[in-house]
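The structure under discussion appears below in the form of structure tokens.
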Amino acid sequence: MNAPAVPSAPSTARRSKSPQGVKITGTGSCLPATPLTNADLEKLMETSDEWIVQRTGIRSRYRINPALGESTHTLAAEALRRALAAAGLAATDLDLIIVATMTPEMACPASACRVAADVGATRAGAFDLNAACSGFVFGLNTAHDLIKGGAYRRIAVVGADCLSTLMDYSTAGRGTAIIFGDAAGAAIVEACDDAGKGILAQSMHCDGEGWKEIYVPECERDFPPGVACDPSKYGHVQMNGAAVFKFAVGTFSDLIQETLDAAGMAAADLDMLVCHQSNMRILQSARERFGLPEDKLYVNIDRVGNTVGASVPLCLDELCRAGRIKPGQKVMFVAFGGGLTWGSSLWQL
Ligand code: UT7
């Protein structure tokens with residue numbers, strides 16, 4: 001029997017030679033067309049610009065408009081097109097696409113498959129990865145090690161989320177609706193001959209017992225023990241903000257220290273710390289703990305809010321385009337989120 005015709009996808013057999021190093025060769029990002037300011041939220045719920053700015057540092061965020069055709073996979077595809085252009089690659093050069101998202105439009109297919117179709121990545125494998133806000137960092141670690149293993153040479157890692165689809169924009173949902181925004185960011189990760197380039201230290205963690213601090217119930221059994229089922233909450237993010245805040249402040253600092261220790265580095269050796277943008281106060285506490293100057297811990301939460309899986313790659317792209325992240329630098333990516341999950345990726349670029 002003849003084997004079915006298979007397009008020229010990568011195979012581990014053909015790519016057995018491990019590369020010397022791994023580098024990030026291009027980045028891109030995409031925001032929806034429509035901003036959602038604190039003043040807009042004041043019209044939808046009982047809240048105030050003053051409360052939101054004081055508690056979170058957020059002044060505006062973006063929200064997709066489905067009538068404009070915006071969705072998780074369209075933002076992701078546009079971010080990827082821009083990253084490919086920055087890397088000087090065609091979509092057909094990609095071996096694999098990983099999309100980190102907790103807001104795929106459908107359970108099947110994976111958003112990554114829609115993205116592959118949108119950009120014309122006909123040779124690439126594609127799958128989604130869900131680690132909530134930690135997703136892009138987990139994806140970066142995964143892509144790096146798949147390339148190091150020799151099976152793949154060019155992988156796109158995309159972080160894309162549209163949490164607006166899981167929000168209750170009434171006063172009942174104000175504890176979460178004020179925080180989250182929609183976006184996508186992408187990075188192209190490639191094999192290279194320079195053995196000095198790639199990940200110096202990485203980590204991926206989970207505390208499954210903490211699932212109940214951030215969850216999206218769909219039916220009665222999804223509510224944690226002791227929490228009454230409330231059908232009005234179906235499809236909306238339920239977050240214990242104070243518990244997550246406490247977890248984040250401690251975990252972020254421990255995570256940064258653990259990663260520096262694993263690489264035998266001090267905070268002063270870092271050129272840039274790219275943190276998940278969760279809350280301005282959480283970012284400030286990490287910066288103060290390590291005595292980092294303001295320009296070494298990037299902040300864009302005031303303009304875009306907490307964009308979940310898109311948060312870290314959006315920062316990365318803005319920094320690359322501003323010339324503030326360059327080859328030769330040491331850059332640490334850190335994130336935490338639902339799961340609970342948290343992880344880091346420290347690169348020699
Ligand atoms: O990336 C995913 C991980 N998530 C996070 O990192 C989120 C971490 N947590 C946070 O950022 C903060 O906990 C929030 C910003 C979500 C909330 O701030 P908080 O200082 O923890 O406020 P709270 O939830 O303790 O609420 C304090 C008060 C409450 O009123 P009472 O009970 O004291 O009368 C809330 O009802 O503020 C009220 N409140 C609001 N008031 C105006 C809650 N949300 C709002 C709002 N506007 N949007």
- Message: Considering only residues that are touching a strand residue (DSSP E or B) at 6+ places or on another chain (Cβ under 7 Å) and open to solvent by less than 60 Å² (accessible area, probe 1.4 Å), which ones fall in region 240-258?
- Response: 244, 248, 251, 252, 255, 256
- Message: Need the failing condition index for residue 237 against (1) under 23 Å from residue 103 (Cα atoms); (2) open to solvent by 60 Å² or more (accessible area, probe 1.4 Å), just the number.
- Response: (2)
- Test: residue in region 125-135 that is within 20 Å of residue 27 (Cα to Cα), open to solvent by 10 Å² or more (accessible area, probe 1.4 Å) and among the acidic types (Asp, Glu): yes
- Message: With the requirement that a residue be open to solvent by 50 Å² or more (accessible area, probe 1.4 Å) and not in a loop (DSSP other than H, G, I, E, B), what does region 94-124 give you?
- Response: 113, 114, 117, 118
- Message: Suppose we keep only residues that are out of contact with any helix residue (DSSP H, G or I) (no Cβ under 7 Å at 6 or more places or on another chain) and closer than 21 Å to residue 240 by Cβ within region 284-307. Which one would you say is surrounded by the most Cβ atoms within 10 Å (Cβ to Cβ)?
- Response: 305
- Query: Can you tell which of 82, 59 is touching an Asp or Glu at 6+ places or on another chain (Cβ under 6 Å) and in contact (Cβ under 8 Å) with a residue 12 or more places away in the chain?
  - Reply: 59
- Message: Consider region 210-253. How many of its residues are assigned to a helix (DSSP H, G or I) and within 16 Å of the ligand (Cβ to nearest atom)?
- Response: 18
- Message: Which condition from (1) more than 25 Å from residue 187 (Cβ to Cβ); (2) of a type outside the set (Asp, Glu); (3) open to solvent by less than 10 Å² (accessible area, probe 1.4 Å) is the one that residue 310 breaks?
- Response: (1)
- Query: Hey, any hits in region 162-169 for a residue that's among the aromatic types (Phe, Trp, Tyr), touching a strand residue (DSSP E or B) at 6+ places or on another chain (Cβ under 8 Å) and not assigned by TED's automatic domain parsing to the domain that holds residue 337?
  - Reply: no
- Item | Test result for residue 266, free of Cβ contacts under 8 Å to residues at least 12 places away in the same chain and open to solvent by less than 60 Å² (accessible area, probe 1.4 Å) | yes
- Picked from region 290-312 (must be charged (D, E, K, R) and under 27 Å from residue 175 (Cα atoms)), the residue nearest to the ligand (Cβ to nearest atom) is 302
- Message: If I ask for residues that are more than 16 Å from the ligand (Cβ to nearest atom) and either open to solvent by less than 10 Å² (accessible area, probe 1.4 Å) or under 14 Å from residue 204 (Cβ atoms) (or both), which ones from region 313-349 would you list?
- Response: 316, 317, 319, 331, 332, 345, 346, 347
- Breaking point among (1) within 10 Å of the ligand (Cβ to nearest atom); (2) part of a loop (DSSP other than H, G, I, E, B); (3) without any contact (Cβ under 8 Å) to a residue 60 or more places away in the chain, for residue 278: (3)
- Task: Scan region 172-207 for residues that are more than 19 Å from residue 158 (Cα to Cα), within 16 Å of the ligand (Cβ to nearest atom) and of a type outside the set (Lys, Arg) and report the count.
- Result: 10
- Item | Members of region 33-86 that are among the aliphatic types (A, V, I, L, M), touching a Pro at 6+ places or on another chain (Cβ under 9 Å), more than 30 Å from residue 23 (Cα to Cα) and surrounded by 14 or more Cβ atoms within 10 Å (Cβ to Cβ) | 64
- Would you tally the residues in region 53-65 being within 7 Å of the ligand (Cβ to nearest atom) and more than 15 Å from residue 300 (Cα to Cα)? 1
- Options 216, 299; residue that is under 21 Å from the mean Cα position of the chain (by Cα), touching a residue at least 24 places away in the same chain (Cβ under 8 Å) and over 30 Å from residue 24 (Cβ atoms): 216
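The values are calculated or read from the model by the stated rules, or taken from the named source; none is laboratory data. Owing to the predicted nature of the structure, the values given are computational and were not obtained by experimental measurement. Virtual Cβ from ideal backbone geometry, glycine too; neighbours counted across all protein chains shown. These accessible areas exclude ligands, DNA and RNA; they are computed on the full protein's heavy atoms, side chains included. Shrake-Rupley method; radii C 1.70, N 1.55, O 1.52, S 1.80 Å.
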